[in-house]
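Input: a single structure, listed below in structure tokens.
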Amino acid sequence: MTAIRANYDAPRLRRLDAAHHIHPFSNATQVVAEGGGKLFAHADGIYIYDTDNKRYLDGMAGLWCVNVGYGREELVEAAARQMRELPYYSSFFGGTTPPTVELAAKLTELLGHGLNHVLFANSGSEANDTVVRLVRHFWNLEGKPKKKAFIARRHAYHGSTMAAASLGNWGTMHEQADLPLPGFHHVEAPYWYAEGGDKDPESFGIACAKAIEAKILELGADNVAAVIGEPVQGAGGVIVPPKSYWPEVERICRKHDVLLIADEVICGFGRTGAWFGFETLGFKPDIVSMAKGLSSGYQPISAVAVTDRIAKPLIDAGYWLHGFTYSGHPVAAAVALKNIEIMEREHLVQKVAKETGPYFAQRLKTLEKNPIVGEVRTLGLLGGIELVADKKTRKRFEPLGHAGTVCRERCLANGLIMRASFETMVLSPPLTITKAQIDELVTLAGRALDETAAELLKK
Ligand code: PMP
């Protein structure tokens with residue numbers, strides 16, 4: 001598809017942006033001081049362009065979501081067709097629409113493992129809020145109303161609403177909203193590079209799983225509702241767990257009759273080289289939340305899938321008072337269905353597993369020769385690059401966060417979008433990226449890292 005190039009009055013838009021738009025997860029002081037935000041105008045494939053027509057390789061697929069890449073005319077058509085036919089109808093009071101039903105059925109087919117029932121929402125945060133409400137309702141129906149506590153991990157990100165942010169573990173987010181809410185607990189994450197100490201990765205993985213068990217025992221298994229985790233922690237720094245971790249977490253959850261929830265908002269839809277991260281990492285969740293890659297970001301939509309065990313009491317109980325005006329939105333569902341069709345037709349998941357994932361791993365690893373890169377880790381098309389002042393001791397630069405910010409700016413200057421998660425640079429390119437484009441990404445990242453090293457190591 002040829003990208004549409006509208007004639008924007010960029011200075012006017014930036015002025016209005018500074019005057020009226022409060023950006024999410026942004027330094028508002030800086031946006032206003034710089035006279036408005038960074039304006040992106042159009043995109044095609046894996047490239048995005050600003051209003052000066054400067055091209056950036058989007059190493060983040062937007063916010064980890066544009067899995068099939070930009071400029072997909074088929075998705076535009078799917079939305080337009082559905083809007084003409086039925087732009088909206090609700091799923092409340094037993095209503096439904098054809099694409100909503102088709103999508104629910106398709107998701108259960110992709111998920112397998114008895115995850116046979118699906119609820120819809122509009123964002124990852126809403127999906128995880130839905131999970132919290134659903135799990136509490138489930139245990140009430142099971143006659144175990146004391147089972148209410150959630151156990152999550154440090155470095156977790158599960159969204160920005162009150163419950164989702166409580167599941168997450170970002171200090172400043174918690175401080176700014178007096179979180180976590182009561183009943184949300186956090187334990188060690190399997191972040192071997194930063195926190196593994198002298199342990200080998202696999203025994204560290206087991207130790208981190210045991211931290212979950214210790215928390216269950218401390219709270220009392222009768223009081224614990226569920227454990228939630230991203231198969232690979234994304235926004236926390238692409239924390240790829242040791243192989244030992246998830247099977248042990250699953251074993252512990254089963255032993256104590258605690259539900260296991262996979263937050264697949266990032267890992268779902270091919271990102272790790274399987275349809276879902278839980279397949280790559282070897283565990284079977286009771287509940288799965290998904291968003292982002294579900295529609296490749298072309299429409300806001302999210303979903304929660306549950307097993308028969310969880311669905312049955314809910315169905316038997318009749319009314320459950322939960323849902324959103326746009327749950328199962330027909331246009332979003334039609335786009336998600338087409339997005340999945342494209343992924344299947346182009347064998348994108350297999351491509352990540354067999355071709356681009358391994359190539360990405362091999363090429364990105366070469367960046368470890370840079371003096372400030374302590375570790376490069378990947379899984380599928382997720383990448384994390386640890387910035388350190390001292391490779392041997394893994395000591396960080398100070399103040400914390402500065403190195404990441406410098407590197408992110410150097411990336412932008414070089415035409416690459418690579419995000420900083422504190423001191424870890426993170427990558428999550430569209431799943432359509434070719435080997436030649438991976439070469440280009442690594443060249444640009446290498447250049448940005450060299451410039452970052454030159455700046456941080458001078459004096
Ligand atoms: N869960 C995970 C793992 C995420 O990465 C995110 C978003 N980055 C969310 C939930 C929240 O999704 P949303 O921003 O769509 O609310």
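Quick note: the coordinates plus some simple rules give every number you see, no bench work behind them. Note that the structure is predicted; figures quoted are calculated from it, not measured. Here the Cβ is made from the backbone with ideal geometry for all residues, glycine too, and neighbour counts use every protein chain on show.
Things worth noting here:
- Three-way shape label, the stretch 334-459, alpha-carbon gyration tensor, a/c 1.5: prolate
- Taking the Cα centre of the chain as origin and assigning +1 to Lys and Arg Cβ atoms and -1 to Asp and Glu Cβ atoms, the resulting dipole is close to 380 debye.
- Once the Cα-Cα distance is subtracted from the 0.36 nm per residue extended length, the residue 316 to residue 81 segment shows a gain of 81.0 nm.
- Separation in nanometres of the label points that stand 7 Å from Cα toward Cβ, at residue 219 and residue 10: 5.0
- Linear extension gain, residue 30 paired with residue 369, 0.36 nm per residue minus alpha-carbon span: 118.7 nm
- Here the spin labels are modelled as points 7 Å beyond Cα on the Cα-Cβ line, and at residue 113 and residue 22 they lie 3.9 nm apart.
- Relative contact order of the stretch 74-345, pairs being alpha-carbon contacts under 8 Å that are 6 or more residues apart, as %: 29
- The Kirkwood radius of the stretch 74-345, taken over pairs of alpha-carbon atoms, gives through the Stokes-Einstein law at 37 °C and 0.692 mPa s a diffusion coefficient of 173 µm² s⁻¹.
- Model label sites at residue 52 and residue 96, defined 7 Å from Cα along the beta-carbon direction, differ in position by 5.2 nm.
- Farthest toward the positive end of the dipole of the stretch 214-333, out of 318, 220, 240, is the Cα of 240, where the dipole comes from beta carbon charges about the Cα centre.
- Label-reachable residues, the stretch 116-160, where backbone N falls under 20 Å from a point 7 Å from residue 175's Cα toward its Cβ: 154-160
- Cβ crowding within 10 Å ranks 88, 56, 359 as 88, 359, 56, fewest other Cβ atoms first.
- Whether the chain is rounded, prolate or oblate, judged on the alpha carbon gyration tensor where a/c under 1.5 counts as rounded: oblate
- Shape call, the stretch 105-227: gyration tensor on alpha carbons, a/c limit 1.5: rounded
- Dipole magnitude of the stretch 74-345, debye to nearest 20 (Cβ charges: Lys/Arg +1, Asp/Glu -1, about Cα centre): 360
- Annotation: lysines with alpha-carbon distance below 28 angstrom to residue 38 (same-chain offsets under eight excluded): 54, 292.
- The listed peptides 300-306, 220-226, 413-419, ordered by packing as a protection proxy, come out as 300-306, 413-419, 220-226 (highest mean of other Cβ atoms within 10 Å first).
- Cα-Cα over 19 Å, subset of 144/284; 243/435; 243/369; 395/458; 199/255; 255/284: 144/284; 243/435; 243/369; 199/255
- Each peptide in 101-108, 423-430 gets a packing score, the mean of other Cβ atoms within 10 Å over its residues, and the list from highest to lowest is 423-430, 101-108.
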